[in-house]
1. So, VAL30, is that one surrounded by 13 or more Cβ atoms within 10 Å (Cβ to Cβ), at pLDDT 95 or above and either under 28 Å from ALA138 (Cβ atoms) or not assigned by TED's automatic domain parsing to the domain that holds THR136 (or both) or not?
2. Tell me, please, whether a residue that is more than 29 Å from VAL205 (Cα to Cα) and either in a helix (DSSP H, G or I) or not assigned by TED's automatic domain parsing to the domain that holds ALA170 (or both) can be found in region 126-133.
3. Which residues, counting only those in region 3-40, are more than 19 Å from HIS104 (Cβ to Cβ) and touching a Phe, Trp or Tyr at 6+ places or on another chain (Cβ under 9 Å)?
4. For residues that are in contact with a Leu (Cβ under 9 Å, 6 or more places away or on another chain) and in contact (Cβ under 8 Å) with a residue 40 or more places away in the chain, tally how many sit in region 68-106.
5. Confirm whether ASP51 is at pLDDT 95 or above and of a type in the set (Asp, Glu).
6. Kindly check whether there is at least one residue in region 14-23 that is crowded, with 18+ Cβ neighbours inside 10 Å, among the polar types (S, T, N, Q) and part of a loop (DSSP other than H, G, I, E, B).
7. Looking at region 3-17, is at least one residue of a type in the set (Gly, Ala, Ser) and at pLDDT below 95?
Amino acid sequence: MVSAKLKAYVEQGVLPIYNKNEEGHGIDHVNYVLRRAFKFNVENDLWLSDDMLYAAVVFHDVGHHIDPKNHEVVSAEMFIADKFMNEFFSPADLLVVRQAIEDHRSSADSDPRNIYGEVLSSADRNTDLATPCRRTYAYTLKNYPNYTLDQNTNRAYDHISKKFGPGGYANEKIYFKDDEYTAYLQKVAELIADKPTFVAYFKQVNGISD
């Protein structure tokens with residue numbers, strides 16, 4: 001069970017920061033990752049500290065609005081600079097949680113340095129087919145405002161194929177049995193196998209009319 005003191009602090013002082021993030025990395029996402037992280041902990045008899053796992057999850061994307069491309073580093077720095085966390089955790093536990101936050105991205109060059117990072121990385125994997133379509137569409141609108149709809153759609157197709165398609169980099173680091181993610185990858189493979197079908201679905205979930 002997560003410490004009531006830790007949970008109260010996070011709900012008042014950490015989770016509100018997520019309102020600054022774009023929708024795909026908001027509080028709903030944190031709750032999704034929490035559910036999956038604690039599920040892995042129980043199902044695999046890992047006996048990890050609930051408090052440490054909770055802290056790793058609630059901080060893992062907190063700095064996304066500051067620097068999306070390096071948010072794992074920013075988020076880890078925000079965690080390690082937090083006065084409450086320094087008083088609540090021992091120096092050794094702070095280091096473990098910091099490393100887990102830094103290592104959670106599936107695009108990282110190396111595996112997580114500890115078991116908390118493996119759980120966080122696994123729990124952070126998306127299992128909803130619509131989510132990457134919405135995320136890539138929103139990201140492209142923000143960062144490539146001059147793109148046409150066709151350019152936006154092509155970028156989304158290429159990104160999702162490269163990340164989640166057969167041989168995609170997000171499929172290489174699977175640390176625990178994950179039926180949700182396996183089913184998701186199958187759906188992605190079926191979707192990207194036919195680009196016109198992908199385009200129609202992409203438009204549908206983003207509310208784009210022809």
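1. On the way: surrounded by 13 or more Cβ atoms within 10 Å (Cβ to Cβ): yes; at pLDDT 95 or above: yes; either under 28 Å from ALA138 (Cβ atoms) or not assigned by TED's automatic domain parsing to the domain that holds THR136 (or both): yes.
Judged against the criteria, VAL30 is a match.
2. In the first step, residues of region 126-133 are kept if they are more than 29 Å from VAL205 (Cα to Cα); the result is none.
No, region 126-133 has no match at all.
3. SER3, LYS5, LEU6, LYS7, TYR9, GLY13
4. Here the count works out to 6.
5. Details: at pLDDT 95 or above: yes; of a type in the set (Asp, Glu): yes.
Against the criterion (at pLDDT 95 or above and of a type in the set (Asp, Glu)), ASP51 qualifies.
6. Yes, region 14-23 has at least one match.
7. Taking region 3-17 first, the residues of a type in the set (Gly, Ala, Ser) are 3-4, 8, 13.
Applying the additional criterion that residues be at pLDDT below 95 yields none.
No, region 3-17 has no match at all.
Matching residues to (1) out of contact with any helix residue (DSSP H, G or I) (no Cβ under 9 Å at 6 or more places or on another chain); (2) in the same structural domain as ARG35 (by TED's automatic domain parsing); (3) crowded, with 16+ Cβ neighbours inside 10 Å; (4) assigned to a loop (DSSP other than H, G, I, E, B):
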position	(1), (2), (3), (4)
SER106	no, yes, yes, yes
ARG113	no, yes, no, yes
VAL119	no, yes, yes, no
ASN146	yes, no, no, yes
LYS162	no, no, no, no
PHE176	no, no, yes, yes
LEU185	no, no, yes, no
LEU191	no, no, yes, no
ALA200	yes, no, no, no
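The values are calculated or read from the model by the stated rules, or taken from the named source; none is laboratory data. Keep in mind it's a predicted model, so treat the numbers as computed, not measured. Neighbour counts run over all protein chains shown; Cβ positions are idealised from the backbone, glycine included.
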